[in-house]
Amino acid sequence: MSNSMKITAGQTTTRTLTDLIRAMDGERATTITYVDSKGEESVRTIEIHNILTTSKGAIIVRAMCRARGEMRTFTLEQIKAYTVHRIRFVLTVPEDKISDAFPVAHRVSSVERMIDMELERDYPWPKVKLAA
């Protein structure tokens, strides 16, 4: 990845998401320029741990902020420019924030139950069960 700032308005959302997901998967620090809810622009270096969508369809980025040393949430709309660095993650997600960074959609008691849930989602009617 290049170290020059990429302006999000000059590219597709898909391109921006692809770059941010690659940064997350590669555990690469990312510097973003974003506009907060008050309209103030700020530059932060973050370590992205999760990218999610809200129930209303907004895309959010959950990341450790190097300046604050804590988990922060950014909407994709707020990010105006970004640079993915070669520098690896250095911050540790605090124990009490792990569920914020990595929310669990479903808790299952066994591998079989997880498979059942996936089958129920993909094939709701009739119920399909794996043969033993």
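Worth pointing out:
- Unmet requirement for residue 79, which otherwise passes all of (1) out of contact with any Lys or Arg (no Cβ under 9 Å at 6 or more places or on another chain); (2) exposed (fewer than 15 other Cβ atoms within 10 Å of the Cβ): (2)
- In region 27-44, the qualifying residues are those that are under 15 Å from the mean Cα position of the chain (by Cα) and closer than 15 Å to residue 79 by Cβ, and the one that is surrounded by the fewest Cβ atoms within 10 Å (Cβ to Cβ) is 31.
- Among residues of region 5-25, those that are assigned to a helix (DSSP H, G or I), in contact (Cβ under 8 Å) with a residue 40 or more places away in the chain, open to solvent by less than 100 Å² (accessible area, probe 1.4 Å) and not small (Gly, Ala, Ser), counted: 6
To keep it simple, each residue is scored yes or no on (1) open to solvent by 40 Å² or more (accessible area, probe 1.4 Å); (2) at pLDDT 95 or above; (3) in a loop (DSSP other than H, G, I, E, B); (4) among the hydroxyl-bearing types (Ser, Thr, Tyr).
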site: 46; (1), (2), (3), (4): no, yes, no, no
site: 52; (1), (2), (3), (4): yes, no, no, no
site: 71; (1), (2), (3), (4): no, no, no, no
site: 86; (1), (2), (3), (4): yes, no, no, no
site: 100; (1), (2), (3), (4): yes, no, no, no
site: 105; (1), (2), (3), (4): yes, no, yes, no
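The values are calculated or read from the model by the stated rules, or taken from the named source; none is laboratory data. Quick caveat: nothing in here was measured; it's all calculated off a predicted structure. Backbone-built Cβ (ideal geometry, glycine too); neighbour counts: all protein chains shown. For the accessible areas, the whole protein counts, side chains as well, though only heavy atoms, and no ligand, DNA or RNA atoms are used. Shrake-Rupley method; radii C 1.70, N 1.55, O 1.52, S 1.80 Å.
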